[in-house]
Structure formats: C-alpha cells, structure tokens
C-alpha cells in the first residue's frame, strides 16, 4: 500500500489547478530572468585564444562557425584525465539533438575542455557524439573564465568559482567521497579532478568583435541537464540518496 496521499479525480484536479498557478508564476519569473541575462553588459575580448579542433587550429571567433552567437559548455576533462567527467557526459548526451537547431538559429554550440584533442576525439568516439568539441590545451581560456585552476591556487585557497573565492587551502582530506569516486572513474585523484569545473559561457560577435555576455556554474547548469528536467516531472522526482548516474555505456543492459 502506498504511503503517498491519494484522492479522487476531483481532488487531484483541484490540487493540480492550484499547482498550475505556481507553475505559471515560475514560467513568468523564468522569462524575466532570461531577459535580465540578455541585458547584462557585454565585455569585449581582445585576448587571442588558439584551440585545437577537428578542423585544425581555430581562434575563438572561428568557433562561431559563421554565426553571431556562441554557447560554450565547459566540459570537465582535464589534461590528466583518462575519461570525461560522468556528470558532464550525462549533460552532453543531450547536445547532438539540439546543436543542429541552434546552428540554424544563428547560435553555435561547442564544448571546450583542457585535455589534448586526441583524448577528446577518442572519448567522443566512445560516446558516439557528433557535436563540436575544442581543446584549450596550452591556452588560458579555462583559467580566464574561472573554470579551471592551478595546484598553487588549491594550496593557497585562492580559487574563485561561481563568483565566490575559496577562503582555505584544499588538500586530499577535503575531497568528498562522491567526488573521489568520480575522479577514480576519470582515472585521476580528487584534487586533480576538481581543478576543472563545470559551467557554460555565452559569447556574441558583432562588427568583428567578440564579447563575453554570460557565464553560469555549478547548479547554474541544471537547466541544460536534460534528464533532471524529466525527473522533476516524474512521480518520485529526483529521488536521490547519492550519485546514481553513470556514463551511458556503463549501465547494466536490461
């Protein structure tokens, strides 16, 4: 017997209509927040970044591929990783379905990671992905957008992520067990693993000039994590007691 509250269809409808008002208010608030994102001031980027891509060496303007807008997903795949982050992999599973639509709406979507291109290409083949994925190996792109950090920053406690600066040094004892487990699946240790972080950044190109318009980190990428949008509408919600997801080729076949 279920422990969840049950009721008649009439009781369900009354509760559903009440919830609908809350959902509509949330939708309107989401529209307002999206408008505020678009109203942020643009910051001109004059620094030259060179990325390794399937098409050879490319600059940041090249990543736009002729579009005026560029969305970058900062995929956690550091130079010392042997595989991409499982969480980023779950998010990236949804990219191939939307990248063609965005490209035909003047928006280019690309992942960027610090790992060398050969590692990204091998992992991309394993996962069966087609979306653009550039390597920032050897340039400052990830560091400049506060998405990657040095060992010295870890030791000094000067990491700035999600618009907050860490106030203490980090050592191996401060790595939570789930993070250590993720690090192990990437073939690295916890401290190395967390020197890269997840996030997304938006850029626009106008009159030949590239501007940074928006960045979001941590829970700020929830909205593009497709499986959670579905779970939030499932009867038991996210229903989590710990880390449950894996790379899509690591689940038991049922």
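What follows draws every value from the coordinates through simple rules; no lab data is involved. What you see is a predicted model; the values in this text were computed from it and never measured. Reconstructed Cβ throughout: ideal geometry from the backbone, glycine too, with neighbour counts over all protein chains shown.
Odds and ends about this structure:
- Near-label residues of the range 178-193 by backbone N, under 16 Å of a point 7 Å along Cα→Cβ of residue 246: 181-187
- Shape category assigned to the range 18-93 from the gyration tensor of Cα positions, a/c cut at 1.5: oblate
- The gain in end-to-end length when the residue 164 to residue 98 segment is fully stretched comes to 20.6 nm, 0.36 nm per residue minus the alpha carbon separation.
- Highest-fluctuation residue, 237, 78, 138 considered, GNM on the chain with Cα pairs under 10 Å: 237
- Both numbers refer to the Cα atoms of the range 68-127; Rg and Dmax are 12.1, 36 Å.
- Packing-based exposure ordering (other Cβ within 10 Å, fewest first) of 248, 74, 4: 4, 248, 74
- Candidates 42, 225, 12: whichever shows maximal mean-square fluctuation once the chain is modelled as a Gaussian network with Cα springs under 10 Å: 12
- Of all DSSP bridge pairs formed entirely within the chain, close to 75 percent run antiparallel.
- Cα-based shape type of the range 98-254, given that a ≥ b ≥ c are square roots of the gyration tensor eigenvalues and the cut on a/c is 1.5: rounded
- Tensor-based shape of the range 155-202 (alpha-carbon gyration tensor, a/c under 1.5 rounded, otherwise prolate or oblate): oblate
- Coarse-grained scattering of the range 30-151 at q = 0.18 Å⁻¹, given as base-10 log I(q)/I(0) from a Debye sum over alpha-carbon atoms: -1.05
- When 102, 19, 200 are sorted by how many other C-beta atoms sit within 10 angstrom of their C-beta, beginning with the fewest, the order is 19, 102, 200.
- Fewest-first ranking of 130, 236, 3, using other Cβ atoms within 10 Å as the exposure measure: 3, 236, 130
- Using a Gaussian network model of the chain in which every pair of alpha carbons under 10 angstrom is joined by a spring, one finds that among 25, 15, 134 the greatest mean-square fluctuation is at 15.
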